[in-house]
1. Beta carbons within 10 angstrom, averaged per residue: use that to sort the peptides 125-136, 372-383, highest first.
2. If the stretch 396-492 were replaced by its equivalent ellipsoid, with semi-axes equal to the square roots of 5 times the Cα gyration tensor eigenvalues, what would those be, largest first, whole Å?
3. Note the per residue figure in Å³ for the convex hull of the C-alpha positions in the chain.
4. What number results when the radius of gyration of the stretch 135-211, computed over Cα atoms, is divided by 2.2 N^0.38 Å?
5. Measure out, as a whole number of angstrom, how far apart the alpha-carbon centroids of the stretch 41-113 and the stretch 364-429 sit.
6. Considering only DSSP beta bridges where both residues belong to the chain, give the percentage that are antiparallel (nearest 5).
7. I'd like the orientation of helix 6-19 relative to the chain: the angle between its Cα long axis and the longest Cα principal axis, in ° from 0 to 90, rounded to 10.
8. Compute the acute angle (0 to 90°) between the alpha-carbon long axis of helix 409-420 and the principal axis of greatest extent of the alpha-carbon atoms of the chain; round to the nearest 10°.
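Just so it is clear, none of the values below were taken in a lab; they were calculated from the coordinates. Since this is a predicted model, take the numbers as computed values, not measurements. Please note: Cβ atoms are built from the backbone with ideal geometry, for glycine as well, and neighbour counts cover all protein chains shown.
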Amino acid sequence: MSTPNTDEIFKNVIAHAKEYGFVFPSSEIYDGLSAVYDYGQNGAELKNNIKTYWWKAMVQMHDNIVGIDSAIFMHPKIWKASGHVDGFSDPMIDNKVTQKRYRADQLLEDKIAAYDAAGQTDQAELLQTEMDNALKAEDLPRLRELILEHEIKDPLSKDRPDWTDVRQFNLMFSTQVGALADDSSTIYLRPETAQGIFVNFLNVQKTGRMKIPFGIAQIGKAFRNEVIARQFIIRMREFEQMEMQFFVRPGTQKEWFNKWKETRLQWHLALGTDAAKYRYHEHTKLAHYADAAYDIEFDFPFGFKEVEGIHSRTDFDLSQHQEFSGKKMQYFDPEVDPDTNKPYGNYVPYVIETSIGLDRMFLLTMINAYKEEDLSTEEKQDSRTVLRLHPCLAPVKAAIFPLTKKDGLPEKAREIMDTLKLDFNIQYEEKDAIGKRYRRQDAIGTPFCITVDHQTLEDNTVTIRHRDSMAQERVAADQLDKIIGDLVSWKNVL
Ligand code: ATP
């Protein structure tokens, strides 16, 4: 078996995700909808398990973090206050020849990467600086000039491009609430879940009697009208975020920022991923609300890409909501400041945010787990595709097979399955030879296959086969609960 290159691996993962019910293109029978995807029967389970891992790690394991579920629709003023109406946009440029639209900054970034790859590091650094300056100054004509000066071509066409001016394009989807379609009824689909947390800050703090420092976590959908949708579920128009805002006393934000930066990387590594696959990326160009920002990046087959952002958002959001809503967003801190011997008193808290894209985490997990293994021996050629998923994340925890469809074996297998299915997601399969059934379960990452045979009817033992080692052992059926439970326990990662 030849070793596939990274491009092929990525293509194979996408094909595998579809073939085995993980991810389907949305509206496929109508030829799909660009940058929108559906999760299938195994994908939904894997996604839920990733959410559970995050929720347990963030909410259940921290007695000062609670979780909420806020609405996707929010008062339109929220997006004015947060800066999204005026500032949440990308610089776009069109090629008049091909009618294709691109993000001007991404065209330049690709050029910088090309200079780097060709060993022209001076050129790369110079262009990076010039681009950063133009972006910082919001100098759109300069971005266009850079594209022309560096003779950047349309990535999809060999013809000479005819570039338009660079314009800002807002990424928020808007719609109308109610029957009247005037400006006052325009509302937005949230482009991030964080604002639902900020506007509920006082509700949660008061009803939960939360004391600073404390956090509010949330998992939910976010929507961005991404102009360039690419790399499968990396950049979608409808996606899911898992965000946590941690409210702290002003002046302590640096310390908490460092703590969360480390804690979040540990969460990733606890799944057993090779640490070399991750790296931090420090933001030099900070968002309007941030005083520090790091991304956690993963080495995807197409290069390192952001999976999670850790942002020190200062008191920007709460202060803005205080101003736009006219309601105080303050916290009274009764603790005594040793410098003044007086309580810290009223202040608008500072915020550290951890924001991870669930879909990017899903893709990372699939790519990491996907293995094409050569099992050939001298006698015969053989191979398998296996998802070496962490057992906690596996969609199906065990599959149960009667060796044959007769002699009461299916009934016995179902009887054993009934003892397990409340606690674990178990699959029953009786079609095809056992070897084929193993392969199907390997392909979806099931850690255990349990075979019920004639001996089971006599002594209530079964054969259990392990996904990774493919080793088999004979165990008592009444031990299965413990064997599966031990392997898939969240205690292994938390
Ligand atoms: P990028 O620079 O890749 O567009 P971002 O910096 O805009 O990402 P944030 O606003 O920090 O992203 O959002 C937090 C997380 O949400 C990201 O780390 C990413 O995992 C996820 N995310 C953002 N945009 C998308 C998208 N269009 N599709 C899927 N996930 C996304």
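1. The most tightly packed comes first, giving 125-136, 372-383.
2. 19, 16, 12
3. Spread over its residues, the Cα hull of the chain gives 214 Å³ apiece.
4. Compactness ratio reported: 1.89.
5. Each part's Cα centre sits 35 Å from the other's.
6. Bridges in the chain are about 85 percent antiparallel.
7. It is inclined by approximately 70 degrees.
8. On a 0 to 90 degree scale, this one is about 40.
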